[in-house]
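Structure record follows, encoded as structure tokens.
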């Protein structure tokens, strides 16, 4: 018996709707798989990709200076050589100073930690507070092994720095060639529009990165000067730590404040006034720079949803560790700026905004 005439058929419009939804679902699944695959590749190849990303970020800072030198009729190759040579010398000097400052702290850390444990036990005995778990954590052994391993990683850091310089040279020298390829690949109108979008993106990213570095450097200098006045040991180290962690919003300033406060407690105990002064001073520096100076200088570039910041920190921190956490927010801001300047991607920028 033939039941074909009893079979219910979907209307043509409904069939198209179901097919469209299936296609969208397939695209979402493929996009998710591509993101996961890209994450695995970036994680496994981070020794090469991470210096490339850092060089790419630095290129946005150097491009305006190179344009200024080119306007003074200095060839691009010579301008790139002068700037990168100056950058290389400054970085080597800073690295040498930090290395000399790090070694005394590494050698003194076991004594500081033992003194801190004694203070915690003494406070626990006087106040009957449950401080035994802090002693049982034995963080000192883990931190000591980590700190003593830092000088040994000098060679890998120097090799990564050289790799960043090499990538910077190719990126900065290859910019004019890319503009010429745009003109050859597309029509004049399309090429000019694409070049305008690229220039706008580069200008906004360069301004954001430059101002962020200046703000972080100001934070580090303010922390260093304040700790020198208070008399906290290793003030240079804590200033550099504040500079680096200032790139991580919300938790970076908090993490950078913990070590100098603990050092102040260990050094001046039983007098707690210097430790309290250190805490209040660091809080004032972070609040004044983070809540007043940064929004006025950086502007709307930091208009990012905190959830996006958190997800970016988790993703890039998992991908590249501490360096990824430092780069997470600048990368998120750059993605937002790029999406703002490309009409088809503008909805993504809107969802990334906090307002």
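The values are calculated or read from the model by the stated rules, or taken from the named source; none is laboratory data. Keep in mind the model is a prediction, meaning the values are calculated, not measured. All Cβ positions, glycine included, derive from the backbone under ideal geometry; neighbour counts span all protein chains shown.
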Query raised in the report: Could you give every pair whose Cβ atoms fall below 9 Å, whose first residue belongs to region 225-240 and is in contact (Cβ under 8 Å) with a residue 60 or more places away in the chain and on the phi > 0 side of the Ramachandran plot, and whose second residue is crowded, with 20+ Cβ neighbours inside 10 Å and assigned to a helix (DSSP H, G or I), counting only separations of at least 6 or pairs across chains?
Result: 234/227; 234/260; 234/263
Query raised in the report: Among all residue pairs at least 6 apart or on different chains, which show Cβ distances below 6 Å where the first residue, located in region 326-355, is free of Cβ contacts under 8 Å to residues at least 40 places away in the same chain and at negative phi and the second is assigned to a helix (DSSP H, G or I) and surrounded by 20 or more Cβ atoms within 10 Å (Cβ to Cβ)?
Result: 332/312; 336/352; 349/336; 349/340
Report task. Name every residue in region 171-191 that is surrounded by 13 or more Cβ atoms within 10 Å (Cβ to Cβ) and either part of a helix (DSSP H, G or I) or at pLDDT 80 or above (or both), in order of residue number. Result -> 171, 172, 173, 175, 179, 182, 183, 191
Report task. Note down all Cβ pairs under 8 Å where the first residue falls in region 113-124 and is closer than 13 Å to residue 266 by Cα, the second is part of a helix (DSSP H, G or I) and at pLDDT 80 or above, and they're at least six residues apart or on different chains. Result -> 115/266; 116/262; 116/265; 116/266; 119/265; 119/266
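Scan region 229-237 and give yes if some residue there is more than 18 Å from residue 259 (Cα to Cα) and within 22 Å of the chain's Cα centre (by Cα), otherwise no.
Step one: of region 229-237, the residues more than 18 Å from residue 259 (Cα to Cα) are none.
No, because not a single residue in region 229-237 is more than 18 Å from residue 259 (Cα to Cα) and within 22 Å of the chain's Cα centre (by Cα).
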Requested in this report: Look through region 322-353, keep the residues that are at pLDDT 80 or above, surrounded by fewer than 18 Cβ atoms within 10 Å (Cβ to Cβ) and within 17 Å of residue 52 (Cα to Cα), and return whichever of them is nearest to the chain's Cα centre (by Cα).
Outcome: 331
Report task. Identify all residues within region 287-301 that are buried (at least 17 other Cβ atoms within 10 Å of the Cβ) and either closer than 22 Å to residue 348 by Cα or modelled with pLDDT of 80 or more (or both); write none if there are none. Result -> 298, 301
Query raised in the report: Here is a list of conditions, (1) at pLDDT 70 or above; (2) surrounded by 12 or more Cβ atoms within 10 Å (Cβ to Cβ); (3) touching a helix residue (DSSP H, G or I) at 6+ places or on another chain (Cβ under 8 Å), and residue 199 meets all of them except one; can you say which number that is?
Result: (3)
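So, in region 238-269, exactly how many residues are outside any helix (DSSP H, G or I) and closer than 18 Å to residue 110 by Cα?
Matching residues across region 238-269 total 1.
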Query raised in the report: Which residue, of 245, 283, 227, is in contact with a helix residue (DSSP H, G or I) (Cβ under 9 Å, 6 or more places away or on another chain), modelled with pLDDT of 85 or more and surrounded by 17 or more Cβ atoms within 10 Å (Cβ to Cβ)?
Result: 227
